[in-house]
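What follows is a set of notes on a single structure, which appears directly below.
Nothing in this text is a laboratory measurement; each read-out follows from the coordinates by a stated rule. No experiment lies behind these values; they were computed from the predicted model shown. Positions of Cβ are backbone-derived with ideal geometry, glycine not excepted, and every protein chain shown enters the neighbour counts.
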């Protein structure tokens, strides 16, 4: 059994399914058992979460929610996998302590160079208790022996030269503007009944449309009209929430973004 | 069920085990069913083989053996995974047709840049029927999305510039000399009762010692004496053949190689 937030990262769902794991989504962080039965919690090996600017929702777990998850994991003996590829990309608000810092004895913290250096590098890092990392070494070795050596050298140089810090400042200013602009466009163009998250960082906005709209079947129509999105239900392990979608604000320039949101709102309205 | 040769590549065994596959070694290519029961053959999803200069044995499958395996796979409906990272490194003899060329409809041929460009690049290629490659794309995507982009560009440039062909000629001359030298040293130093393979290419020699010698327990002694090897039993899915070992002739210079073989023969003798 693997616990996840709901929604959660599509690639994680695919990866867990390839090992035929029993994926059990948690309904939130407020209830005593996060909406999962006592029996399931006892069987859980680990809980996979993206606490900072989640993919796809863009939401961030509060310190209270993180502490509640840690308490649960200590009570039931499961490990927490804290996937944090967007943590460095915060545009507003205050950083929340990592889950790893709250429970270093039972958390694996995952970081990535994809969003702060270059996505094509396929490099990241893992921080955690030695015995858990030892298992990761063995798995990683059986998959690909090791990450590419040249890319590791380049990333090391990128960090030690100070280029990472300079680049990060630029990225944050760049993406912040795009986030603010997309939210302004949504406010301007979206019809009533559509709501969206207000992420403090990361790359994604998550839209909730009226219940009657199915974003999976709407997709072809949107694409022919010239706009693409990822249907939100793909991020739910059970395929639910078919009235949601993920938008990415990091890539498009302002003109294309305005045009895209305009088209999208028309597709949703008609 | 996954069929393999016996011995076979350690990394493949580890990888298959991580998916809890039932690994069934084939005893050879001569008998009707390669030493595997009719029932097991019917359950086999694929057969993993390294037909050229196998890791660890250095041996090459003859065309008759390849054809026999293809016939078997057609009869029982399993796929053949032809792992061929050493094929380009042939120092003597004549190239044997790939299994892929004998059965393109049911074979996935795997190649690697590790031995002809640089091992640190972690790049390779797969050739096979489209519907099988489609499944590979999905698996690969759930593992790491894609191979590193910079490395792919560099490898493409390495090929199109002609540097690959020039480098390959040099590599072949370089490794051939080392292979010949290690075989000459084994003939000179090894005690009676020790035999070894005579690979026509690749990087490895496989030694068979007298039955009374256990290369796993001999390892610490060898290491303190200053010589390392890989115990052959690690390459047998069932951990048998504890009187075998793999030697790598590609790395050491002649002086160190002579010294190493001398020490090894003393460790074996005493």
Given a cut-off of 28 Å, what percent of all Cα-Cα pairs of the stretch A:2-160 lie beyond it?
-> 20 percent
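Report relative contact order for chain B in percent, whole number only (criteria: Cα-Cα under 8 Å, sequence separation at least 6).
Reported relative contact order: 19 percent.
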Give the Rg (one decimal place) followed by the Dmax (whole number) of chain A, computed from C-alpha coordinates and expressed in Å.
-> 19.4, 55
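I need to check one value: relative contact order of the stretch B:2-160, counting alpha carbon pairs closer than 8 Å and at least 6 residues apart, in percent.
Computed value for the stretch B:2-160: 16 percent relative contact order.
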Going by the rotation axis that takes chain A to chain B, pick out the residue of A with the closest C-beta and quote the gap in whole Å.
-> A:148, 3
Pull out a ≥ b ≥ c, the square roots of the eigenvalues of the alpha-carbon gyration tensor of the stretch B:166-269, then state rounded if a/c is under 1.5, prolate if not and a/b is larger than b/c, and oblate in the remaining case.
-> prolate
How big is the antiparallel share of DSSP beta bridges in the protein assembly as shown, given as a percent to the nearest 5?
-> 50 percent
Full extension from residue B:97 to residue B:269: what is 0.36 nm times the residue separation minus their Cα-Cα distance, to one decimal in nm?
-> 57.8 nm
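Can you sort B:196, B:125 by how many other beta carbons sit within 10 Å, fewest first?
Going from sparsest to densest Cβ surroundings: B:125, B:196.
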Computed label-point distance, nm, for sites residue B:211 and residue B:259 using a 7 Å Cα→Cβ extension | 3.7 nm
Could you work out the mean count of beta carbons from other protein chains within 10 Å of each residue's beta carbon in B:117-123?
-> 4
With -39,500 (n - 2.57) per DSSP H segment of 4 or more residues and division by the full residue count of chain A, the 222 nm estimate, nearest 500 deg cm²/dmol, is -13500 deg cm²/dmol
Per the 1/(1 + (r/R0)^6) rule, R0 = 56 Å and r from the Cβ atoms of residue A:168 and residue B:31, FRET efficiency to 0.05 is 0.35
Looking at chain B, what % of its DSSP beta bridges pair antiparallel, to the nearest 5?
-> 50 percent
Please report the relative contact order for the stretch B:80-239, taking Cα pairs under 8 Å with a sequence separation of at least 6, and give it as a percent rounded to a whole number.
-> 21 percent
Inter-chain Cβ neighbour average for residues A:142-155, partner chain, 10 Å = 5
For chain A, with a Gaussian network of springs between Cα atoms less than 10 Å apart, report the residue from A:105, A:177, A:130 with the top mean-square fluctuation.
-> A:130
Ordered by packing density, taken as the mean number of other Cβ atoms within 10 Å over each peptide's residues, highest first, how do A:136-148, A:199-211 rank?
-> A:199-211, A:136-148
Förster radius 22 Å - calculated FRET efficiency between residue B:126 and residue B:18, Cβ distance, rounded to 0.05 | 0.70
